[in-house]
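Student: Questions regarding the structure given below will be posed in turn.
The values are calculated or read from the model by the stated rules, or taken from the named source; none is laboratory data. Keep in mind the model is a prediction, meaning the values are calculated, not measured. Backbone-built Cβ (ideal geometry, glycine too); neighbour counts: all protein chains shown.
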Amino acid sequence: MAGRLHVVATPIGNLGDLSPRAQETLRSVDVIAAEDTRHTQQLLAAFGMRATLVSLHDHNEAAQSAQLVGRLLAGEDVALVSDAGTPLISDPGFRLVRAAREAGIQVTPVPGACAAIAALSAAGIASDRFVFEGFLPNKSAARRERLQALASEPRTLIFYESSHRIADALSDAAGAFGPERHAVLARELTKRFETILDGSLTSLIDRLASDADQQRGEFVLIVEGAPEADGDVALVLGRRAFALLREHMPPSQAARLAAEISGAPRKRLYVVGGDAD
Ligand code: SAM
């Protein structure tokens, strides 16, 4: 019988976040595929575990995936971990998971920490719809272009950033989204110097400029989405006005008045013989 591939989340700082199920899985598998075997060795040692490790990183993933699928097909159980958090989330593993699924291997997630979700859960920014953008490009022209393309995205935006580039990323974000766009900067989550700052992009830039400590560590930047386009606001207002007015006058007259009040096209508020779209 074929083995199973377990995709195991590890802590993003606080070792207390390695779940009992993750510990049990890491203890029981035949082999652990790790992004950096020394790093994972230290994690295992902290829990008094020993295991057979193989490295799986961006540069050897294609070849290693074939080897690991061979072991899975031969009946071995494999765990996939990255250095921190959930594998595949801005981390290697996608090719292995795909190869395993294509070979008919059962793939099981063992969920746990993920910096993006941890930051979002504490940010107080709309979380019903969000876009995970991972790392922005290193080069400033490409970074600005990426940010500019997101300027009118209405969903909440989530970025990963390192200490080397956080100041530049914030100032490019202010350039693309406007200095007043609301954002949250989550630093060193679950660690000793965890800090969660919120305010306009300019206020975050000022905070970092006035306190070099705030530029250290690992960051998640969450930016509020763009306000809905004016057209949509007009439509919402127009439909509301139409609903109220039609109680007191014929629908065509209510639609004309509602369109005047809101600026929305009359035809989108009321269509003779049917509902507006
Ligand atoms: N797979 C990981 C996850 O599930 O979040 C992310 C790995 S990615 C290579 C590393 C980036 O995640 C860091 O540069 C930082 O942007 C973010 N990150 C990881 N740990 C963090 C923490 N404790 N606090 C804030 N951001 C963190």
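Student: In segment 154-167, how many are surrounded by 15 or more Cβ atoms within 10 Å (Cβ to Cβ) and without any contact (Cβ under 8 Å) to a residue 60 or more places away in the chain?
Tutor: Residues in segment 154-167 being surrounded by 15 or more Cβ atoms within 10 Å (Cβ to Cβ) and without any contact (Cβ under 8 Å) to a residue 60 or more places away in the chain: 3 in total.
Student: Say we look at segment 125-140 and pick out the residues that are surrounded by fewer than 13 Cβ atoms within 10 Å (Cβ to Cβ) and away from the ligand (no atom under 14 Å from the Cβ); which of these is farthest from the chain's Cα centre (by Cα)?
Tutor: Filtering first and then ranking leaves LYS139.
Student: Confirm whether LEU43 is in a loop (DSSP other than H, G, I, E, B), touching a residue at least 24 places away in the same chain (Cβ under 8 Å) and closer than 26 Å to GLY134 by Cα.
Tutor: So LEU43 does not fit the description; no.
Student: Condition check: away from the ligand (no atom under 12 Å from the Cβ), over 30 Å from ASN14 (Cβ atoms), surrounded by fewer than 18 Cβ atoms within 10 Å (Cβ to Cβ) and within 18 Å of the chain's Cα centre (by Cα). Does ALA151 satisfy that?
Tutor: So ALA151 passes the test.
Student: Any idea which of GLU35, GLU102, GLU24 is surrounded by 14 or more Cβ atoms within 10 Å (Cβ to Cβ), within 26 Å of ALA2 (Cα to Cα) and free of Cβ contacts under 8 Å to residues at least 60 places away in the same chain? I'd like the intermediate steps shown before the answer.
Tutor: Working: GLU102 fails: surrounded by 14 or more Cβ atoms within 10 Å (Cβ to Cβ); GLU24 fails: surrounded by 14 or more Cβ atoms within 10 Å (Cβ to Cβ).
The conditions single out GLU35.
Student: May I pose another question? So how many residues does segment 183-199 have that are within 16 Å of PHE130 (Cβ to Cβ) and either near the ligand (Cβ under 9 Å from one of its atoms) or outside the structural domain of ALA122 (by TED's automatic domain parsing) (or both)?
Tutor: Going through segment 183-199 one residue at a time, the tally reaches 1.
Student: Within segment 200-215, take every residue that is surrounded by fewer than 22 Cβ atoms within 10 Å (Cβ to Cβ) and touching a Lys or Arg at 6+ places or on another chain (Cβ under 8 Å) and give me the one that is nearest to ASP128 (Cα to Cα).
Tutor: Only one residue fits best here, namely SER200.
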